[in-house]
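Read-outs throughout are calculated quantities, based only on the coordinates presented, and are distinct from any laboratory measurement. From a predicted model like this one, the values you see are computed outputs, not experimental measurements. Glycine gets a Cβ as well: all are built from the backbone with ideal geometry, and neighbour counts include every protein chain shown.
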Amino acid sequence: MSDKLIIFDTTLRDGEQSPGASMTRDEKLRIARQLERLKVDVIEAGFAASSNGDFAAVKAIADVIKDSTVCSLARANDRDIARAAEALKGAARSRIHTFIATSELHMEKKLRMTPDQVFEQARLAVRFARNLCADIEFSPEDGYRSDPDFLCRVLEACIDEGATTLNIPDTVGYAVPELYGEFIRSLRERIPNSDKAVWSVHCHNDLGMAVANSLAGVKIGGARQVECTINGLGERAGNCSLEEVVMALRTRRDYFGLQVGIDTTQIVPASRMVSQTTGFVVQPNKAVVGANAFAHASGIHQDGVLKARDTYEIMRAEDVGWAANKIVLGKLSGRNAFKQRLQELGIQLESEAEVNNAFARFKDLADRKSEIFDEDIIALVGDESVTSEQEHYRLLALSQHSETGERPQASVTFAVGEQEHCVESQGNGPVDASLKAIESKVKSGAELMLYSVNAITSGSTESQGEVTVRLQLGGRVVNGVGSDPDIVVASAKAYLSALNKLHSNADRVAAQG
């Protein structure tokens with residue numbers, strides 16, 4: 001077996017299935033470029049057949065990504081597979097990932113197909129895909145809960161038809177490490193042609209063991225591909241976390257004996273970009289990318305780290321992309337210094353006009369905030385990427401009044417298309433009053449599912465607030481994110497951002513796996 005482990009990132013496909021995490025084509029493209037800088041081996045760009053929007057996103061990514069394989073998911077039918085192949089035409093390296101459920105529960109209750117029908121459909125799907133693309137991955141959905149004898153039969157046939165990668169999903173996060181690792185090893189030992197394909201693991205985190213299960217699949221089972229997402233993003237409890245798997249393999253290479261091609265210094269920039277784009281805040285104690293991952297509060301720990309860093313740190317913060325110097329720029333900083341810092345943070349803007357717009361926003365922020373941190377720059381560039389797109393709703397001005405014993409009130413001026421509106425409302429607080437003022441004009445009827453505030457930087461009351469608003473309307477769930485030193489303004493920005501996504505009517509159809 002090879003000592004190289006393939007990192008297959010599915011943030012843009014499986015990660016996007018988190019309620020409210022759906023992304024626009026441009027957002028997906030920005031994240032794909034960051035994944036390429038991260039040097040992931042395979043980028044699963046989406047599910048091309050699920051919607052015209054997803055097709056366009058997969059195609060856009062395939063057309064620009066050169067250093068990573070670009071992959072599209074497809075159900076085991078000719079239409080999906082042909083659509084995926086069409087979207088991937090421009091890719092330097094492409095892969096079609098096709099799947100069908102193989103567990104008795106899924107076949108009977110969901111597919112309403114017999115095992116023989118599933119076997120035949122899987123075999124023919126791989127054959128059809130192999131005629132369109134040289135690199136074919138097959139996944140038996142709910143594979144871990146499938147009958148091993150039937151699964152062996154299906155997988156052996158798929159290899160014969162041309163599958164180059166076999167992925168064994170723990171679709172519902174039911175596995176435990178030792179058993180999952182043994183399950184994959186048993187499949188490899190029982191299938192005569194198993195050496196003709198790369199074996200892959202795809203684990204969900206419902207019991208909090210996605211990373212442990214994935215590593216067991218690698219160490220015990222002999223898998224040489226791990227499917228994962230940035231920040232462990234994904235539906236329900238999420239997927240296996242890319243940053244945790246990669247750093248476990250790197251830190252404990254003495255045990256795993258495997259190499260990964262990831263540029264680990266791009267991990268934190270990737271984490272921040274995904275968090276800012278989706279509105280899913282990274283918990284402070286999250287391994288590797290959490291704000292407290294390299295913080296030491298205990299006096300004993302602080303003393304030990306000062307004397308010898310490795311007394312309490314098994315990784316270096318700078319190795320995963322944490323900046324040693326948090327304060328980077330101020331209001332006297334020039335455009336070239338700002339542009340250089342964007343490059344250091346791994347941020348690539350499309351044109352000089354975008355750089356100029358971002359710099360103007362930076363100067364505006366610097367007038368209101370004396371110290372500009374990396375997180376501030378990432379947030380304002382994220383805001384710029386949103387405002388550069390056509391927005392139906394745009395915040396123009398906001399004022400609010402709140403005092404003890406009086407009901408707070410807010411006045412909001414915002415644009416709806418080309419028309420400007422000024423609305424006022426009262427509320428339980430200034431944020432409530434501001435959002436009610438906007439809704440009084442928009443009348444979206446959306447249900448507020450989540451309102452979350454996160455400080456972009458810590459340790460100062462000057463910190464920008466980043467607000468996430470999650471709205472639900474007619475079965476659609478969207479996130480809006482806004483940042484500003486004024487938390488009320490950030491809240492209005494986030495609410496309007498969510499309304500813009502609802503207004504876009506972007507079609508999102510959840511995939512499987």
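Taking the beta-carbon count within 10 Å as an exposure proxy, list Leu380, Leu124, Leu258 from fewest neighbours to most. Walk me through the numbers on the way to the answer.
Working: Leu380 22, Leu124 15, Leu258 18.
Starting with the residue having the fewest Cβ neighbours, the order is Leu124, Leu258, Leu380.
Could you state the angle between the C-alpha long axis of helix 267-278 and the longest principal axis of the C-alpha atoms of the chain, as a value from 0 to 90 degrees rounded to the nearest 10?
Approximately 70 degrees, to the nearest 10.
Treating the angle as unsigned and between 0 and 90°, give the value, to the nearest 10°, between the Cα long axis of helix 52-64 and the longest Cα principal axis of the chain.
So the inclination is approximately 80 degrees.
Determine the gain in length on full extension of the stretch Lys4-Glu182; use 0.36 nm per residue of separation and subtract their C-alpha separation, reporting nm with one decimal.
Between Lys4 and Glu182, full extension yields 62.0 nm more.
State, to one decimal in nm, how far the label point of Ala92 lies from the label point of Asp147, with both points 7 Å from Cα in the Cβ direction.
4.6 nm
Of the peptides 161-168, 44-51, how do they stack up when ordered by the mean number of other Cβ atoms within 10 Å, highest first?
44-51, 161-168
Just to confirm the filter: which trypsin sites (Lys or Arg not before Pro) across region 400-470 are DSSP coil and have at most 10 other Cβ within 10 angstrom of their Cβ? Don't skip to the end; give the middle numbers.
Values: sites: Lys436, Lys441, Lys443, Arg470; in loops: Lys443.
Passing sites in region 400-470 are Lys443.
Return a whole-number percent for the relative contact order of the chain, with Cα pairs under 8 Å and 6 or more residues apart as the contact set. Could the numbers behind the result be given before it?
On the way: 1057 pairs, mean separation 62.3, N = 513.
Reported as a whole number, the value is 12 percent.
Pull out the extension gain between Ala134 and Thr404, defined as 0.36 nm times the separation in residues minus the alpha carbon to alpha carbon distance; nm, one decimal.
My answer for the length gained is 90.3 nm.
With N set to the residue count of region 6-278, report its C-alpha Rg divided by 2.2 N^0.38 Å to two decimal places.
Numbers: Rg = 17.1 Å, N = 273, 2.2 N^0.38 = 18.5 Å.
Taking the Cα Rg and dividing by 2.2 N^0.38 Å, one obtains 0.92.
If we count other beta carbons within 10 Å of each Cβ, what is the order of His106, His421, fewest first?
His421, His106
Students often get this wrong: which residues of region 206-250 have the backbone nitrogen under 14 Å from the point 7 angstrom along Cα-to-C-beta of Leu105?
Answer for region 206-250: 206-207.
Which value in nm describes the separation of the simple spin-label points at Gln117 and Tyr451, placed 7 Å from the Cα toward the beta carbon?
The answer from the label model is 4.9 nm.
Rounded, prolate or oblate: which one fits the chain, using the alpha carbon gyration tensor with axes a ≥ b ≥ c (rounded when a/c is under 1.5, else prolate when a/b beats b/c, else oblate)?
prolate
What angle, in degrees between 0 and 90 and rounded to the nearest 10, separates the Cα long axis of helix 430-442 from the longest principal axis of the Cα atoms of the chain?
That helix lies at roughly 80 degrees to the long axis.
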